[in-house]
Amino acid sequence: MTLSEIRGDVFRRLGVPSDGSGYYTAAEVTAAINRALSLFSTISLSSVRTQDFSVSPAALLINPVATDPMFLLPLNAYCSGEMSMGTLRDVQARDPRFWTARPADPEVFVPLAPTAILLYPAPALGTTISIRYARVAPTLSSASDVPDVPAEFHAALADGAAVLCRAKVGYQGDTRSRIEWGRFMEAAQRALQGLAERIGQRSMKAKEVEAVLQSMARISI
Amino acid sequence: MNAATLAAELVPMLNAANIGELVYWTEADVYAAIHGAARQVCDAAGVLVTEPASISVNADQSTVSLPARTSAVLAAAWDDSDLRIVGPKYLESMANVWKGKKGDPRLLVVGYDTTQGARLFPTPAGPGTLRLIVSQASPDVSQGAPSFTAPAVIDTPIVLRALGRLRAQETEARMPDVEVFAESIAAAHMRVLEAMWR
C-alpha cells in the first residue's frame, strides 16, 4: 500500500473527510502513520538492510548511526569472513588488551548501542565491514511512498495510526481503539516471528527476541 | 534527534494547530517535557555510547574528571590494559590498603565523589593514558536547542512519554486514557530497547 492508500484508510476509520478538511488534517494523519511505522518496525525488526560501514584505522568502535540514523540492531556482520557476535565481557575475558589495534581484520562484533559497535580486534589499518541490520523504517512523505515493512502488514499501520490520531480527542481506551491496537500488536508479533524463522534466531540474539515478544505481549490499553 | 520536529508532532496531539495556540501549556512546557523524556530514554536504554578522547593522567594524579554527560562507564583502560570498574564501596572494603598505594592502576572507581570524578587505584606511579567507553545522557533540549545526533529509534518513546507528561499536567479536561496509553506504549518500547541493548 502507498502512503496515500494508508492515509485514506485512516481517514475512513476516523470517520472524517479523506481530503484532510475535517477534524484531522492530512499532515496529522501522515505523522501518525509514520509514528506507527516507526513503532512497528522497531518492535518487529521487520525493516532489514545490508550496508558497508568503513572502519577508521585503530578504531575500537564504529557508530552506525552516523552512516544510517535509522540503524537499530545488527543481525550479522562480515569482514574478511563472517564475524561472531559477542558481549563486552566475552572480549574482556578473552583479551584484557583488546584496546590495542592489531594488524588483522576484526573477528568479533559487540553491539553496545545503536551508536556503538565494538570490534575485536581493532584493525590497525582500518577496513570495511558489511552489516545486515534491522532499522527503523524511513518516514513516508510522498503520496506514492511505500512503507519499508512487508506488504502483508501495511494495513496494520492504519490500525496503529488511527489509535495514535485519537490522542487529539482522548478516547484511546474505547472499544474500537482497543480492537485496532490489538490488531496492530498482533501483526507486529507475527512479523517478528516470521523474521526469526526466515533468518534464524542465532543471528538475532535469541533471548533478546524472546524478551521483545514478552514485552509486546504486555502492552495493553 | 530534532526537538523542534518532535514538538511539531506533539502539538496536534494536544489539540492545537500550532504551538502558540496551546491552551494548557507553554512552548517551554513542551520542550521541558521533550527534554525530560529524552534524558529518561537515553539513560534507561543507554543508546548514546561513545569512546571520548583519551585522557592524559600525570604521575600521582589519582582522580580524573569524566567527560560531560557521562551517565555510565562501560569500559576503561590504562595504557590499553583493561581496568576493572568498581564503585566506592569496593575501594572502601579494602580498608587501609588503598591509601597511598602507587603503581599501574588496575581499578577505576566510579562515583567516587559528586563532581563526576573517578579514581584510579593504585594511584599512577608514572604518567599514562586513560581510555573510556561511556554511555551518555542526552544534551539539554529544554530551551529548544534543536538537534543532536541520535538514533531515530528514540524518537517514538520520547514523543509518547512527553505526550503522557503533558496530558498529566492538565488541570481541566484531563485525558487520563491518553496519558495511560502513551505511557504504556512508551514503557513497552523502552523494554524492547533495553532487551536489545542492555
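Scanning the stretch A:96-134 for residues that are within 14 Å of another protein chain (Cβ to nearest Cβ), more than 25 Å from the chain's Cα centre (by Cα) and outside any strand (DSSP E or B) yields A:PRO96, A:ARG97, A:PHE98, A:TRP99, A:THR100, A:ALA101, A:PRO121, A:ALA122, A:ALA124. Residue selection: A:ARG13 fails the criterion of being within 14 Å of chain B (Cβ to nearest Cβ) and on the phi < 0 side of the Ramachandran plot. Residues that are over 13 Å from A:LEU119 (Cα atoms), assigned to a helix (DSSP H, G or I) and out of contact with any Phe, Trp or Tyr (no Cβ under 8 Å at 6 or more places or on another chain) are absent from the stretch A:48-56.
Residues that are assigned to a helix (DSSP H, G or I), of a type outside the set (A, V, I, L, M, F, W, C) and surrounded by 21 or more Cβ atoms within 10 Å (Cβ to Cβ) occur at least once in the stretch B:33-42.
Residue count for the stretch B:42-100 satisfying the condition of being within 14 Å of chain A (Cβ to nearest Cβ) and either under 19 Å from B:ALA125 (Cα atoms) or in contact with a His (Cβ under 8 Å, 6 or more places away or on another chain) (or both): 11.
For beta carbons closer than 8 Å, sequence separation of 6+ or different chains, a first residue in the stretch B:166-180 that is over 19 Å from A:LEU164 (Cβ atoms) and in a helix (DSSP H, G or I) and a second that is modelled with pLDDT of 80 or more and among the aromatic types (Phe, Trp, Tyr), the qualifying pairs are B:GLN169/B:TYR24; B:GLN169/B:TRP25.
Of the residues making up the stretch B:12-32, those that are crowded, with 20+ Cβ neighbours inside 10 Å, within 14 Å of chain A (Cβ to nearest Cβ) and in a helix (DSSP H, G or I) are B:PRO12, B:MET13. Picking from residues in the stretch A:138-161 that are within 13 Å of chain B (Cβ to nearest Cβ) and assigned to a helix (DSSP H, G or I), the one that is farthest from B:MET13 (Cα to Cα) is A:GLY160. Taking the stretch A:12-35, which residues are in contact with a Phe, Trp or Tyr (Cβ under 7 Å, 6 or more places away or on another chain) and either closer than 26 Å to A:LEU72 by Cβ or assigned to a helix (DSSP H, G or I) (or both)? Hits for the stretch A:12-35 are A:LEU14, A:VAL29.
Any residue that is of a type in the set (S, T, N, Q), within 11 Å of the chain's Cα centre (by Cα) and under 30 Å from A:THR115 (Cα atoms) - is there at least one of those in the stretch B:27-46? Yes, there is a match, as at least one residue in the stretch B:27-46 is of a type in the set (S, T, N, Q), within 11 Å of the chain's Cα centre (by Cα) and under 30 Å from A:THR115 (Cα atoms).
The values are calculated or read from the model by the stated rules, or taken from the named source; none is laboratory data. Note that the coordinates shown come from a computational prediction; the quantities given were computed from them, not determined experimentally. FYI the Cβ positions are ideal-geometry reconstructions off the backbone, even for glycines, and counts take in every protein chain you see.
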